[in-house]
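What follows is one structure encoded as structure tokens, with my remarks underneath.
The values are calculated or read from the model by the stated rules, or taken from the named source; none is laboratory data. These numbers come from a predicted model, not from an experiment. Glycine gets a Cβ as well: all are built from the backbone with ideal geometry, and neighbour counts include every protein chain shown.
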Number of protein chains: 2
Amino acid sequence: MKPIPRAVRDYIKRAGVSRVASVQPNHVPHVSPVCHVYDGEYIYIDVPKNGKTAAALKANPRITVCIDDYYVNWRRLRGVILYTRAKEAKGEAKRKAWRLIRRKFPQSVKAEWNPRLTLVLRIEDWRQWGVTG
Amino acid sequence: MKPIPRAVRDYIKRAGVSRVASVQPNHVPHVSPVCHVYDGEYIYIDVPKNGKTAAALKANPRITVCIDDYYVNWRRLRGVILYTRAKEAKGEAKRKAWRLIRRKFPQSVKAEWNPRLTLVLRIEDWRQWGVTG
């Protein structure tokens, strides 16, 4: 995988929402918005323990993440797609994820968003448009 | 499938962008932003003939569509997820798709977006949050 440039890493870090796709055991794709965090190397997300993403991961650890901005002026379109492999975040990785979540999303406290199934996503490939160059 | 309420249909129609997920032949999920149109029954999208969505559909016709709005105020979050089955739009279906595309996205002309692989998506299941009720 070619290194992710600083501008793309910053874009991933700052984005409030990503759309996260997985493959359910019946081969139907699932996609839903998720508030992610990124430490410059790994993406971390936290999903319901009994939701579709959790069920999908039991059969297929691949998660694809789309982070993009839409504008009516299509010359401004920009985004990143990240192909990743997920595993459950435990111990220090989970604590790190939640430190980043609490810092990036202070509204998570009032929303009573507490750890469920926290995942660490290892990026295996990526592409971008409009973020650099 | 339970009928889609008017408020949800209007939301789907008005949204400028959707994130469209499919399953590639190697079982890796793909997801990318797509400008869709909706006639109240079918979703229509147009994708590159040699892109990942087109390749995915050769092995698996399931397409899942996420249309949502993100706000820092999480009480305002809203969206729809549509589980669909795709087939190529031909003849009158394709013409209808393109009439709707040209009307909804006048910028498509200047962007030189012309028919590639146009798909008609039959909705088989759906869920929403924040759009009604």
Task: Of the criteria (1) surrounded by 15 or more Cβ atoms within 10 Å (Cβ to Cβ); (2) within 12 Å of B:L117 (Cβ to Cβ), which one B:K49 fails - done: (1)
Task: Subset of the range A:73-106 (residues that are among the polar types (S, T, N, Q) and surrounded by 13 or more Cβ atoms within 10 Å (Cβ to Cβ)) - done: A:T84
Open item on the list: When you check B:V37 against the structure, is it buried (at least 19 other Cβ atoms within 10 Å of the Cβ), away from chain A (no Cβ under 14 Å), β-branched (V, I, T) and in contact (Cβ under 8 Å) with a residue 12 or more places away in the chain, yes or no?
Closed with: yes
TODO: Any chance you could count how many residues in the range A:83-133 are in contact with an Asp or Glu (Cβ under 9 Å, 6 or more places away or on another chain), of a type in the set (F, W, Y) and closer than 30 Å to B:N26 by Cβ?
DONE: 2
Open item on the list: I'd like the residue in the range B:120-133 that is surrounded by fewer than 17 Cβ atoms within 10 Å (Cβ to Cβ) and assigned to a loop (DSSP other than H, G, I, E, B) and, out of all such residues, is nearest to the other protein chains (Cβ to nearest Cβ).
Closed with: B:G130
Open item on the list: Out of A:A55, A:A15, A:A89, I need the residue that is hydrophobic (A, V, I, L, M, F, W, C) and either in contact (Cβ under 8 Å) with a residue 60 or more places away in the chain or at the interface with chain B (Cβ under 10 Å from one of its Cβ atoms) (or both). Which one?
Closed with: A:A15
Open item on the list: I'd like the full set of residues that are surrounded by 22 or more Cβ atoms within 10 Å (Cβ to Cβ) and among the aliphatic types (A, V, I, L, M), limited to the range B:58-72.
Closed with: B:I63, B:V65, B:I67
Open item on the list: Let me confirm something: among B:T84, B:T64, B:T132, which residue is among the hydroxyl-bearing types (S, T, Y), within 30 Å of A:W113 (Cβ to Cβ) and at pLDDT below 95?
Closed with: B:T132
Task: Condition met for B:V8 (facing another protein chain (nearest Cβ under 7 Å), within 19 Å of A:P33 (Cα to Cα) and at pLDDT 95 or above) - done: no
